[in-house]
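First up is the structure itself, then whatever we jot down about it.
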Amino acid sequence: MHHFHYRDGELYCENVPVDRIARKVGTPFYCYSHATLEHHYRVFDAAFAGFSHIVCFAVKANANLAILRLFARLGGGADIVSGGELYRALQAGVDPRKIVYSGVGKNSEEIRFALKSGILLFNLESSQELGEINRIAGRLGVKAPVALRINPDIDPQTHPYISTGLKKNKFGIDIEQAVQDYRHAQELPHLEVKGAACHIGSQITELDPFIDALKRLKSLIKRLEKEGIRIQYLDLGGGLGIRYDQEEPPHPSEYGEALIKELKGLKCTLILEPGRVLVGNAGILVTRVLYTKEGEAKHFIIADAGMNDLARPSLYGSYHALRPVKERPRPEVKASLVGPICESGDFLAKDRKMPAFQPGELVAVMSAGAYGFSMSSNYNARPRVAEIMVKDGDFYVIRKRETYRQLTWGERLPDFLKGA
Ligand code: LLP
């Protein structure tokens, strides 16, 4: 469910015509619907109402402060993977006692920052990391709350780049080795073993992989209990998919129900790290068509947004639906919607049927709220685009478009290159 809809042939976000925003802020821009974000959060949270839980939004999916603040106000925490994400979450007012820190490569500075901030849980991904966190916590005179991130060796049946819970992936600790690592963690004086975690992948559209992973973690937790190691927090990661095209992912309520059923008998607090499912369909990327180019072999529609603004199509071959901001009768054509970047891999949609978009018109690239702006870059020295949040009949610039001056921020000419 989302609040992007047509009224008299014109695309609206809630009660604001998308065209009005474009006239005010220029293009391209990301546009998020406040009502959709709030609805998604509430539905997801309600799905787990029957079990003690914390919803820790995966900041990597969309790190804008306004979005982080919105979820924090609704009671959410954050799942972070870097010092920068921790900084953002704290700036946005997320309660550190609801922050979990995942990631295979936390450096000592990041670990110190997180320990000083008093986060809820470090999800540790290797035996060496246990030692490092223990050492740093010892120096600071604190105990680090930790969970081990288990690699349950489950195939989530998703794109290989976003599958993370298979043995061959770099993530987590092999489930066979976990008991040994838990014993080790238990012996380290500056660690407090609190949890078990896993995250098997992203854009998962079936329930089975989640249930299989949970079953494996459950049997591990039972084994640990026998050894006197009590798991207070069970973090099942994120990964629930959304509809981009024809996918039919389970509704969050089915996902919640299935997990809770499987959790029966376990006494712990559940942590969830949803990213995409909360923000994906709550955002669009709006771009203006600059030119069209009809060759003998190809039909290109050239837009002012490119792979630096939305990397997913180029990186994963992802599908994003395209909608005209103003509907009009016209033929469908087989074309590619491409950007201005100097790479043949720069496309938002490749060789597929789409309305015959014309120069000057606005196109909405749908379902772009997750891993859209957060993966954007300055490649080709392109300022990153503006982000807008719509609430009812008003819109707010929640991130200004970058300026050329910002592009060179921090760069210095060494003395030997100064002067004419
Ligand atoms: N927790 C951990 C430890 C993760 O690594 C991720 C995503 C999440 C939670 C959130 O997963 P979600 O609910 O959003 O599926 N850039 C790719 C997706 C990469 C996902 C990385 N990890 C894309 O655009 O599809």
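The values are calculated or read from the model by the stated rules, or taken from the named source; none is laboratory data. Every value quoted in this text rests on a predicted model; they were computed, and no experiment measured them. Cβ: placed from backbone, ideal geometry, glycine included. Neighbour counts: every protein chain shown. Side chains included, ligands, DNA and RNA excluded: accessible areas come from the protein's heavy atoms. Shrake-Rupley method; radii C 1.70, N 1.55, O 1.52, S 1.80 Å.
Does V277 meet the test of being within 27 Å of the chain's Cα centre (by Cα) and over 20 Å from A381 (Cα atoms)? Answer is yes for this residue. Among the residues making up segment 85-101, those that are in contact with a Gly (Cβ under 8 Å, 6 or more places away or on another chain) and crowded, with 21+ Cβ neighbours inside 10 Å are V94, K98, I99, V100. Of the strands (runs of 3 or more DSSP E) entirely within segment 9-79, those holding at least 1 residues that are crowded, with 23+ Cβ neighbours inside 10 Å and among the β-branched types (V, I, T) occupy 53-58. Highlighted here are the helices (runs of 4 or more DSSP H) found entirely within segment 233-328 that include at least 1 residues which are within 16 Å of the ligand (Cβ to nearest atom), open to solvent by 20 Å² or more (accessible area, probe 1.4 Å) and under 15 Å from V365 (Cβ atoms): 312-316. Cβ-Cβ contacts under 9 Å between residues 6 or more apart (or on different chains), taken from a first residue in segment 93-109 that is over 19 Å from I173 (Cβ atoms) to a second residue that is modelled with pLDDT of 95 or more and hydroxyl-bearing (S, T, Y), are listed as P96/S117; I99/S117.
If you filter segment 119-160 down to residues that are within 21 Å of G105 (Cβ to Cβ) and among the hydroxyl-bearing types (S, T, Y), you find that the one that is nearest to the ligand (Cβ to nearest atom) is S126.
Conditions tested, residue by residue: (1) open to solvent by less than 20 Å² (accessible area, probe 1.4 Å); (2) modelled with pLDDT under 90.
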position	(1), (2)
D155	no, yes
Y161	no, yes
K168	no, yes
F171	no, yes
D174	no, yes
V179	yes, no
Y182	yes, no
L191	yes, no
K194	no, no
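Scanning segment 224-231 turns up one or more residues that are touching a residue at least 24 places away in the same chain (Cβ under 8 Å), within 25 Å of S102 (Cα to Cα) and touching a Gly at 6+ places or on another chain (Cβ under 7 Å).
Can you find a residue in segment 210-231 that is open to solvent by 10 Å² or more (accessible area, probe 1.4 Å), within 14 Å of the ligand (Cβ to nearest atom) and modelled with pLDDT of 95 or more? Among the residues of segment 210-231, at least one is open to solvent by 10 Å² or more (accessible area, probe 1.4 Å), within 14 Å of the ligand (Cβ to nearest atom) and modelled with pLDDT of 95 or more, which makes the answer yes. Suppose we keep only residues that are part of a helix (DSSP H, G or I) and β-branched (V, I, T) within segment 175-203. Which one would you say is farthest from the ligand (Cβ to nearest atom)? Among residues in segment 175-203 that are part of a helix (DSSP H, G or I) and β-branched (V, I, T), the one farthest from the ligand (Cβ to nearest atom) is V179. Pairs meeting the criteria (first residue in segment 53-72 and closer than 14 Å to S202 by Cβ, second residue of a type in the set (D, E, K, R) and outside any helix (DSSP H, G or I), beta carbons under 6 Å, at least 6 apart or on different chains) are A58/D79; A58/E273.
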